[in-house]
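The values are calculated or read from the model by the stated rules, or taken from the named source; none is laboratory data. A quick note: this is a predicted structure, and the numbers were derived from the prediction, not measured. A quick note on method: Cβ atoms are made from the backbone with ideal geometry, for glycine too, and the neighbour counts reach across all protein chains shown. These accessible areas exclude ligands, DNA and RNA; they are computed on the full protein's heavy atoms, side chains included. Shrake-Rupley method; radii C 1.70, N 1.55, O 1.52, S 1.80 Å.
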Amino acid sequence: MKKEIDYTRFNSPVTPNRSRRLYIETYGCQMNVSDSEVVAAIMQQAGFTITDHMADADVVLINTCSVRDNAEQRVRGRLDLFRLQKQRMPGLIVGVLGCMAERLKEQLLENGTVDLVAGPDAYRTLPQLVHNAESGQQGVNTLLSREETYADISPVRTDKNGVTAFVSIMRGCNNVCAYCVVPYTRGAERSRPSETILREVRTLLQNGYREVTLLGQNVNSYCEPAAAESKTITFARLLERVALEDPSLRVRFSTSHPKDMHNDVLYTIAMYPNICNHIHLPVQSGSSRILEKMRRGYSREHYMERLAKIREIIPECAITTDIIAGFCSETDDDHAQTLSLMREAEYDAAFMFRYSERPGTKAARHYPDDVPTEIKTRRLNEIIALQNQLSLESNRRDVGKIFIVLAEGNSKRSDAFLFGRTSHNKVTVFPKAKFKAGDYVPVKITTCTSATLIGEVTGMNNE
Ligand code: SF4
């Protein structure tokens, strides 16, 4: 019986007359979304076509998050799926990008599914890494850089609404909070030249975008050193320059650090109506003892003083936050202090998590992860329940008011309704009437849930 020969292995790599198709899957924070847009631009320049369908792809890149263990578990699940896809499509190239790539490096090559690994500062080398992988050579590049900001690369926008866009203004973080992997996976802080940020904003305006969110791990420490006779560009000055580009462009920013939230930023927000009245100010804990152990660089009192200053200078400013439940050595009293701070702060919304020990962090190296999981979960549930109540109270205070909402697209529930956000970052749903995505719409709030404002289009506004 003649032996079957697998003729596919004689096939030459992808024929030149069809550009190779790239599928990018993104997990984690807005910074990763923005990075995937940079990756898409680099690969497009190298002749790839971006596809939204993994089944059509010649190359699959997954941009990963390492902030908590379950984020990495999700990626492992996807890699299992890619292994099956690879069995169906021999020659398929699989690459892992982002924070998990930076943290695990060569280890990710071990299961044979992954052909290349590239850290957040290595995306310019992706075309070469893919080329090598196509000729059977696995590759890893996880060098972190003190300069790289991808400032000269115009991101390929992956959002579908064409209304809002992220603009990365800096990379890395110098804070080294005890629980956080970011400084190890994204490296030291570096600010992008302001002229390249303004150029990207102008391009977005020309392409009809109506809102930009300036992105960084800690935007308040943005700093473009003084060139010749000009002054140092601080975050407040950058914010002002972006706002001055066009009064019809809404400007948001994320993420801030309480220890660097200085008054100049607050006065700048108060001065420009198109800078949104919303500040995301992660607190993490209400206990000064825990904040010190977390190396957050501020106490409860310092944080609350900043909150009071924000509300003094921008009375209608919405405040959202991040909270970690169950950090090392957290007692019931520490937890109670977190709940009391939330009540005092009256947050509009929050991202809330159980502490997840991350390998290599100061906490993992020095502190036992000694709060039992069931206690972490109970405390997290109490924090979530309180925040749902605070969010509902905050939204109820908006019923009867009129806000200018930037429409972003059709509501998930019905094409007869649009959704968008108010200046204070509240998702609002209203009947479409004659409006479309990209329009500023005066909406009178008639009712709400803890997550959404619901309203009707009206002629006037009282913002
Ligand atoms: S400020 Fe702290 S929590 Fe935020 S990215 Fe930097 S190290 Fe991580």
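For the reader, a short list of remarks on this structure follows.
- Potential extension, Arg295-Asp52 segment - 0.36 nm per residue separation minus Cα distance: 83.4 nm
- Formal net charge of residues neighbouring Ala345 (Cβ-Cβ distance under 11 Å; K, R +1; D, E -1): +1
- Here is the list for the range 79-149: trypsin sites (Lys or Arg not before Pro) lying in DSSP coil, each with at most 13 other C-beta atoms within 10 angstrom of its C-beta, are Arg146.
- Amide H contacts of Phe166 (H built 1.01 Å from N, in plane; Pro and chain starts excluded): Thr213 sit under 5 Å, all sequence-distant by 5 or more or on other chains.
- DSSP bridge analysis restricted to the chain gives an antiparallel fraction near 35%, rounded to the nearest 5.
- FRET efficiency, 1/(1 + (r/R0)^6) with R0 35 Å, evaluated for Ser135 and Ile384 via beta carbons: 0.10
- Percent of beta bridges antiparallel (DSSP, the range 164-396, rounded to nearest 5): 15 percent
- Reducing the range 54-116 and the range 380-400 to their Cα centroids gives an inter-centroid distance of 38 Å.
- Cysteines not pairable in the chain (beta carbon separation under 4.7 Å absent): Cys29, Cys65, Cys99, Cys173, Cys223, Cys276, Cys317, Cys328, Cys448
- 222 nm mean residue ellipticity, helices alone, for the chain (DSSP H n ≥ 4; -39,500 (n - 2.57); rounded to 500): -10000 deg cm²/dmol
- For the range 278-289, backbone phi angles converted through the Karplus equation (6.51, -1.76, 1.60; θ = phi - 60°) give residue-by-residue couplings of 8, 10, 9, 10, x, 9, 6, 8, x, 9, 4, 4 Hz, Gly and Pro being listed as x.
- Apolar share of the accessible surface for the chain: 53 percent from carbon plus sulfur atoms, 1.4 Å probe.
- Cα gyration tensor category, rounded, prolate or oblate, for the range 95-146 with a/c compared to 1.5: oblate
- R0 of 30 Å, Cβ-Cβ distance Thr449-Ala336: FRET efficiency to nearest 0.05: 0.60
- In the range 241-277, trypsin sites (Lys or Arg not before Pro) in a DSSP loop with at most 10 other beta-carbon atoms within 10 Å: none
- Applying the Karplus relation 6.51 cos²θ - 1.76 cosθ + 1.60 with θ = phi - 60° to the range 407-412 yields 3J(HN,Hα) values of 5, 10, x, 5, 5, 4 Hz, where x marks Gly and Pro.
- Cross-link pairs Lys293/Lys376; Lys309/Lys362; Lys376/Lys426; Lys309/Lys401; Lys412/Lys436 - those with Cα-Cα distance over 21 Å: Lys309/Lys362; Lys376/Lys426; Lys309/Lys401
- When peptides 213-221, 404-412 are ranked by their average number of other Cβ atoms within 10 Å per residue, the highest-first order is 213-221, 404-412.
- GluC sites (Glu not before Pro) within the range 31-118: DSSP coil, no more than 13 neighbouring Cβ in 10 Å: Glu110
- The amide H of Ala350, built 1.01 Å from its N in the peptide plane, has Thr321 as neighbours under 5 Å, considering only residues 5 or more places off or on other chains.
- Listed values for the range 305-310 are Karplus-derived 3J(HN,Hα) couplings in whole Hz (6.51 cos²θ - 1.76 cosθ + 1.60, θ = phi - 60°), namely 5, 5, 4, 5, 5, 4, and x replaces Gly and Pro.
- Residues whose amide H falls under 5 Å from that of Thr49, counting only those 5 or more places apart or on a different chain, are Arg20, Arg21, Leu22, with hydrogens built in the peptide plane.
- For the range 319-463, the share of DSSP beta bridges that are antiparallel, to the nearest 5, is 70%.
- Heavy-atom accessible area per residue - the chain, 1.4 Å, Å²: 45 Å²
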